[in-house]
Structure formats: C-alpha cells, structure tokens
Amino acid sequence: MKNYLLLLLLFISIHCSVAQIENGKLLISTPLASDEAIKLNGYWQFVDFNDSLATDTTFQWVPGSWDKYNTSLGNKSKLGKGHYILQIQNPKRLDSLSILLYGIYEDYSVMVNDSLIYHQTTSSHRNNKNIRKLILLPNSPVITLKIEVQNQGYYLGGINYPLKLANYSSLEKKEAQKQSFELLEMGFLIAILIFALALGILTKKKAYIALATICFIVFYRSLLVYDGTLIMYRLLPHIPFSLLKRTEFIIVFLSIYAVPMYLVELYGGIKWSFFSMVFLILLLFSVSLVTFLPPHMYGESMKVYNVSIMGSFIYAGLVTIRATHKKVQGTRVQLASLLMIYLIVQLEIFKTEGIITYSFMGSNSIQTSIVLFLFIQIILIAAKYAEAFNRLRIITDQQEYTIAKRTEEIEKLSTMKSKLISILSHDLRGTLQSIKGLIYIKINTDLNPQEEKKLNHNLLQQTESNISLLDNLLQWNIYDDKPALSYSDIPISHCVREILTLYQMQIDSKNLTVHTLVPEHLIIRSDKNILETAFRNLLSNAIKFSHPYGQIYISITCQSGLFVLKVRDTGIGIPQEFGKQILQFGTKKNRKGTNNESGSGVGLSLIYELLLKIDGKLFFESEVGKGSEFTVRIPNVQVKVQEPETPPIILHTQYSKKAG
C-alpha cells in the first residue's frame with residue numbers, strides 16, 4: 001500500500017509543460033531537461049478530406065474531436081479523413097527527440113519528413129504490445145510531422161489525447177512508470193472488488209455490493225481506454241473494436257445507479273423510491289442508446305450519461321450532507337471525496353464538449369480520481385469496523401466485568417448462606433435441646449410455684465430466641481431470592497409502637513425503661529421490611545444485653561432527606577475482640593445476654609447487609625460496662641408527610657413495676 005501511494009503521488013506530480021504551437025509550428029530552441037516532457041497542445045494545420053480529396057485547410061486545436069472543428073464548409077463530420085501537420089523547428093539539431101503518440105481510435109499513419117514511420121489499423125493495433133507508439137525524430141533543423149487519420153465508425157474522430165515531446169529515454173522512463181502504476185492500479189481495483197464483494201456477501205449489505213459494482217466498472221474501463229492498460233484488446237484481438245467499446249459504454253453507464261445506491265445504502269436516502277426510478281430510467285435509456293445506435297453516434301448516449309452521472313453525484317452529495325448533519329462518522333471525508341470526483345468529472349465533461357481545452361490532472365484524471373475515491377471508501381469502511389470492533393470490545397469487557405462481579409456476589413451469597421444456615425442450625429439445635437430439657441423437667445418433676453414460674457420464664461426466653469433466629473433467616477431468604485426492593489409509605493411512629501408492643505414482655509421481665517423520641521407525623525418512603533428488621537434486631541439486642549432496671553434510648557430524625565435511627569442501651573457493652581467482627585457474616589460471635597439469653601450474632605450482620613440494599617449504613621459505638629449505641633443512616637429518603645416545626649415527642653416510656 002505504501003508503494004502504491006508513492007507511485008500515485010509520483011504519477012500525479014509528473015510535470016508536463018504545454019508547448020506554444022501556433023499556425024502549426026513549434027520552436028525547440030533549448031535542450032529539454034532529462035525529466036521534461038512537452039504536451040503538443042495547440043493549433044495544428046489540419047487538412048479536411050472528402051472522398052480522398054482535400055477540401056479545406058485550417059488550423060485546429062489538438063487534442064480534440066472532429067465534431068468540434070469549424071471549417072469553411074461548417075462542422076467537420078465525425079467520419080471521414082483528415083491530416084494533421086506540425087512543423088517542429090530544431091535549429092540546434094537536438095538528438096533523441098521523440099513523440100509519444102496515442103489516443104487515436106481508428107486507422108492512422110505517421111509520416112516524418114515525408115517518410116512513413118508507422119501505420120495502424122483498428123485490428124493491427126490490438127496485437128501491438130506497444131499500443132502507445134513512441135516515435136524517434138531525426139535531428140534535422142526542420143521536422144515535418146504528418147499524421148493521417150481515417151475514422152469509419154467511432155464517435156470520436158481525430159487525435160483525442162495529448163501527444164508528448166521529450167527525450168527518448170525520458171519518455172521510455174515515464175511510460176515504464178505509467179505502466180507500473182497502471183498494473184498497481186489494476187491490482188488495487190481487484191483487491192477492492194474482492195474485498196467489497198466478500199463484505200457484501202458476508203454482511204448481506206447492499207452498500208458493499210454497490211461498491212463492488214463501482215470497482216468492477218472502473219476496472220473494466222481501465223482495460224479498454226488509452227489512459228488505462230488496453231489489455232482487453234490484446235486478450236481479445238478477434239472481437240470487433242466496436243463491440244468492445246459498446247460493452248465498455250454499457251458497463252460504465254451502470255454507475256448512474258450504482259453511485260447513489262452506494263451512498264443511500266450507507267446513510268439512508270432522500271425520497272429514494274422516486275429517485276431510484278429516475279436513475280433506473282436514465283440508465284436504461286442510456287444503455288438502449290448505445291445498444292441500438294451505430295458507433296459514430298455513441299456521443300449522443302454520452303451526453304445523456306454526462307447529465308445522468310452529474311445528477312447521481314449531486315443526489316449522493318445531498319444524501320451525504322444530510323448524514324453529516326446527523327453527525328454520522330466519516331461523512332465529512334465522504335463529502336470531500338464526492339466533491340473532488342464531481343469537480344474532476346465536470347472538468348472532463350467540459351473538456352470533452354470543447355468548453356475548456358486544458359486537462360488539469362492529465363489524460364487519466366477521471367480514472368485517478370475514482371481510484372482515490374475508492375481508496376477513501378476502504379479507509380472509511382476500515383475506520384467504521386475498527387470503531388465497531390472497539391465498541392464491541394468495550395461491551396465485552398463490561399459484560400465480562402459484570403459477569404465476574406455477579407459471579408463473585410453469587411459466590412459470596414452462597415458462602416454467606418451456608419455459614420448462616422450452619423450458625424442458625426447450631427443455635428436452633430441448642431435452644432431446642434434446652435426447651436426439650438425444660439419440658440422434660442416440667443413433666444417429670446414436682447415443682448413449687450416459684451420454680452415453675454422460673455421454668456416457664458426460661459421456656460419463653462428459649463422460644464423467643466428461636467423465633468428471632470427464624471425471623472432473621474426468613475428475611476435473608478426474602479432478599480436473597482428476590483433482590484427487587486418493595487418501597488412503601490411507612491408511618492414511623494406507628495411502626496415504633498408496633499415493635500415496642502412486640503417486645504413489651506421482654507422489657508417488663510427486666511424492668512427496663514425505654515425512652516423514645518420520634519416525630520409523630522413523620523412518614524417516609526422506603527422498604528418497610530428492611531427498616532422493621534433493623535429496628536427489631538437493634539431493640540432485641542438492647543434488651544438482651546441490658547441489666548435489669550436499665551435504660552434504653554430510641555431516637556429518630558429525618559432532615560434534608562437523611563433518615564437517622566439511634567438505639568442506645570446502658571448494658572454490658574461490646575468487648576474489643578467482638579467489635580472488629582460484629583458486622584461480618586460467617587464469624588462466630590455467640591454471646592450470652594444478661595439473663596443468660598442466647599445470641600448468635602447473626603442479627604447485626606443481617607442488618608448491615610440489608611441496609612446496603614437501600615444505600616443505608618450501620619454504625620456503632622460501645623464501651624464495656626457502660627453500654628452501646630447503634631446508628632442507622634439512610635440517605636436520600638423521600639419524606640411524604642411531616643408537620644413543620646413539630647418537635648419530637650415521647651411516644652412510649654416503660655418503667656418497671658418495682659421501680660414504680
């Protein structure tokens with residue numbers, strides 16, 4: 001690819017100066033530089049023939065088609081015979097001057113100083129390996145070059161491509177470079193054709209099939225034109241010249257439909273159902289003209305084609321402009337490439353019609369511009385798929401991360417569940433064994449009233465402990481199996497009353513005093529199960545680890561969306577070795593309460609995990625012998641009802657009967 005670009009730039013940058021030919025004469029007064037080539041563009045002496053008789057002598061512009069020539073008899077016919085005469089003045093008798101001659105589609109002969117140098121017919125030039133004829137000129141002071149052309153059937157009569165004058169070695173070198181470039185160009189076109197066709201078949205996208213069609217059109221044309229390789233004439237020497245040119249025209253006309261279709265399939269069309277019919281009609285009309293008209297009238301079909309292809313480019317440009325407004329990737333570059341090829345094709349049409357006489361990029365400007373356009377398409381396709389691949393890689397990485405994260409969470413939940421079941425089953429078994437023993441004693445032993453009361457109290461404690469363990473297990477399963485949260489409106493004061501009532505018997509059994517500071521009218525929106533589980537476990541722990549006649553303080557505030565629940569007791573506190581692991585699942589944290597109540601330590605771990613699901617946090621402070629304070633913080637809580645400037649009130653104060 002790098003060599004291709006270098007040769008492309010070299011080919012475009014080859015310098016050819018334009019000769020000053022007036023009245024059929026050219027003066028060469030100084031030696032030509034080694035890399036200098038002169039285009040023999042200008043007014044040559046032209047002799048028009050009619051039935052082998054000279055009828056008129058004028059000066060006509062070369063290169064140019066006969067139908068653009070004005071003679072004394074009017075416009076010259078495309079068919080017939082004509083002689084071009086150029087007198088080259090060579091006062092310094094320069095050696096190695098040569099002329100590169102090509103671009104004559106019919107029979108012609110070349111004479112230098114009245115000597116026949118070369119003769120070609122429409123059949124003989126296909127077998128000639130050097131179709132671009134290189135003619136060495138003599139070093140005489142005056143060189144008379146005469147080219148006799150006879151056109152019997154083609155729509156372009158005369159010399160239609162610039163002749164070049166240079167040193168023989170320079171022209172040989174340039175021709176070798178040109179042929180190398182053309183072969184690389186053909187290889188490049190074949191590669192794009194195969195790539196676009198394969199891409200279209202694999203992706204089933206019409207855009208790439210249309211691009212493959214454009215590649216085939218350019219490739220086939222390069223086999224038949226003088227600014228191409230002309231290989232087709234050498235491969236098929238026995239096929240009539242007119243038939244090969246007819247197939248060339250038909251295939252080139254396919255671009256009327258292929259160019260807009262390619263851009264429409266890429267970016268979406270503008271009323272494409274209508275315009276596709278228009279372009280299809282123009283295509284069929286152009287093809288019918290070149291199919292049924294004789295070769296010398298192909299120019300009529302070319303006029304229809306020129307208008308049609310310009311319309312195709314304009315429509316394709318509008319489609320691309322709309323895609324640019326939608327910020328589709330690569331559309332600015334696409335628009336620039338379309339503008340480039342549109343201007344070059346337009347200039348060549350003006351040149352063909354005789355509106356201008358100078359070709360700005362040389363004889364193969366259209367071929368070069370289309371190859372550049374196709375090269376840009378490959379870059380845009382590569383960039384598109386590179387971006388798609390990069391997006392796919394990012395999505396894949398994200399999915400892999402999500403899967404790994406989810407797998408880690410599942411493994412963590414599985415481990416936590418196993419440990420939770422192990423801990424709870426051990427604790428349940430222990431308490432059930434205790435209950436079994438107490439029941440056995442009650443059945444088989446005669447107890448006095450005081451002993452029976454104590455035994456019943458122990459049975460109650462063991463039963464409540466089991467209920468608490470089962471509640472925690474139930475809550476864990478609810479949120480493990482059903483991760484979706486259930487938000488509802490929670491009247492806080494009502495919730496606090498219910499839970500205090502639930503634990504009234506335990507509070508009374510220890511003669512505890514519970515102080516509550518809760519706003520009466522506060523209603524928040526959150527997950528009620530999580531909030532009640534947190535409060536129930538914190539209150540249960542406060543009761544369990546409080547001394548008889550102890551104090552428990554409950555306060556709730558909600559300001560600026562931050563909900564805060566605090567439960568403080570004056571009990572035994574938490575030893576330092578327990579404090580480091582009290583919120584972790586799977587660690588053994590069994591502690592007895594002040595009345596020998598059993599405790600697994602699962603409740604706090606459960607609260608901690610459940611609060612994380614609603615972005616909540618659990619904190620605690622504790623001092624051995626003085627008690628503990630647990631704080632629940634839930635941010636961004638939606639407050640439904642709260643009377644302004646309503647101070648917290650004491651909802652519930654429970655004093656022991658003995659203290660009263």
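Assorted remarks:
- The C-beta contact set for the range 54-71 (first residue assigned to a helix (DSSP H, G or I) and open to solvent by less than 20 Å² (accessible area, probe 1.4 Å), second residue at pLDDT 80 or above and not aliphatic (A, V, I, L, M), distance under 7 angstrom, 6+ apart or interchain) comprises 66/82; 66/157; 66/158.
- Contact map, the range 441-458: first residue touching a residue at least 24 places away in the same chain (Cβ under 8 Å), second residue open to solvent by 70 Å² or more (accessible area, probe 1.4 Å) and not in a helix (DSSP H, G or I), Cβ cut-off under 9 Å, separation 6 or more or different chains; pairs are 458/596.
- When the range 521-535 is filtered for residues that are open to solvent by 40 Å² or more (accessible area, probe 1.4 Å) and not β-branched (Val, Ile, Thr), the ones remaining, listed by number, are 521, 525, 528, 529.
- Total residues in the range 1-38, condition modelled with pLDDT of 50 or more and open to solvent by 20 Å² or more (accessible area, probe 1.4 Å): 16
- Scanning the range 98-108 for residues that are in contact with a strand residue (DSSP E or B) (Cβ under 9 Å, 6 or more places away or on another chain), modelled with pLDDT under 90 and not acidic (Asp, Glu) yields 100, 101, 102, 104, 105, 108.
- Selection within the range 287-338: residues that are farther than 16 Å from residue 256 by Cα and among the polar types (S, T, N, Q). The member of this set that is farthest from the chain's Cα centre (by Cα) is 291.
- Look at the range 135-146: where a residue is within 11 Å of residue 93 (Cα to Cα) and a partner is hydroxyl-bearing (Ser, Thr, Tyr) and modelled with pLDDT under 95, sitting 6+ places away or on another chain with Cβ atoms under 7 Å, you get 137/98.
- Candidate set: the range 39-53, residues that are closer than 18 Å to residue 160 by Cα and part of a strand (DSSP E or B); chosen: the one modelled with the lowest pLDDT: 48
- Top-ranked residue of the range 503-520 - restricted to ones that are assigned to a loop (DSSP other than H, G, I, E, B) and open to solvent by 20 Å² or more (accessible area, probe 1.4 Å), ranked as farthest from residue 541 (Cα to Cα): 520
- Of all the listed residues (208, 298, 233, 257), the sole one being among the aromatic types (Phe, Trp, Tyr), in a helix (DSSP H, G or I), more than 25 Å from residue 161 (Cα to Cα) and open to solvent by less than 10 Å² (accessible area, probe 1.4 Å) is 208.
- For the condition of a type in the set (A, V, I, L, M), part of a helix (DSSP H, G or I) and farther than 19 Å from residue 215 by Cα, residue 289 qualifies.
- Taken together, 168, 161 contain a single residue that is closer than 18 Å to residue 230 by Cβ and either of a type in the set (Phe, Trp, Tyr) or at pLDDT 85 or above (or both), which is 161.
- Counted residues, the range 373-416 - those being under 30 Å from residue 221 (Cβ atoms) and either free of Cβ contacts under 8 Å to residues at least 40 places away in the same chain or open to solvent by 60 Å² or more (accessible area, probe 1.4 Å) (or both): 5
- Selection within the range 280-295 - open to solvent by less than 30 Å² (accessible area, probe 1.4 Å) and of a type in the set (A, V, I, L, M, F, W, C): 283, 290
- Each residue in the range 236-254 was checked for being modelled with pLDDT under 85 and open to solvent by less than 50 Å² (accessible area, probe 1.4 Å), and 5 of them qualify.
- Restricting the range 477-495 to residues that are in a helix (DSSP H, G or I) and open to solvent by 70 Å² or more (accessible area, probe 1.4 Å), the residue that is modelled with the highest pLDDT: 494
- Looking across the range 192-205, just one residue is of a type in the set (A, V, I, L, M), open to solvent by less than 60 Å² (accessible area, probe 1.4 Å) and free of Cβ contacts under 8 Å to residues at least 12 places away in the same chain, and that is 198.
- Here residue 639 meets each of (1) of a type outside the set (Ser, Thr, Tyr); (2) at pLDDT 85 or above; (3) open to solvent by 10 Å² or more (accessible area, probe 1.4 Å); (4) part of a loop (DSSP other than H, G, I, E, B) with one exception, condition (4).
- The range 98-119 residues that are on the phi > 0 side of the Ramachandran plot, paired with ones that are open to solvent by 60 Å² or more (accessible area, probe 1.4 Å) and at pLDDT 90 or above (beta carbon under 9 Å, 6 or more apart): 113/142
- Subset of the range 113-142 [among the polar types (S, T, N, Q) and either surrounded by fewer than 17 Cβ atoms within 10 Å (Cβ to Cβ) or at pLDDT 85 or above (or both)]: 113, 115, 121, 123, 124, 127, 128, 130, 139, 140
- For the criterion of being open to solvent by 10 Å² or more (accessible area, probe 1.4 Å) and modelled with pLDDT of 75 or more, residue 145 fails.
- Residue 307 among the β-branched types (Val, Ile, Thr) and either part of a loop (DSSP other than H, G, I, E, B) or open to solvent by less than 70 Å² (accessible area, probe 1.4 Å) (or both): no
- Flag for residue 277 being out of contact with any His (no Cβ under 9 Å at 6 or more places or on another chain) and surrounded by fewer than 20 Cβ atoms within 10 Å (Cβ to Cβ): yes
- In the set (1) in contact (Cβ under 8 Å) with a residue 24 or more places away in the chain; (2) part of a helix (DSSP H, G or I); (3) closer than 20 Å to residue 283 by Cα, the condition left unmet by residue 244 is number (1).
- Against the list (1) at pLDDT below 90; (2) open to solvent by 50 Å² or more (accessible area, probe 1.4 Å); (3) basic (Lys, Arg), the condition residue 566 fails is (1).
The values are calculated or read from the model by the stated rules, or taken from the named source; none is laboratory data. Computed from a predicted model, the values in this text were never measured in an experiment. As a convention, Cβ positions derive from the backbone with ideal geometry for all residues, glycine included, and neighbour counts pool all protein chains shown. These area figures cover heavy atoms from the full protein model, side chains too; ligands, DNA and RNA do not enter into them. Shrake-Rupley method; radii C 1.70, N 1.55, O 1.52, S 1.80 Å.
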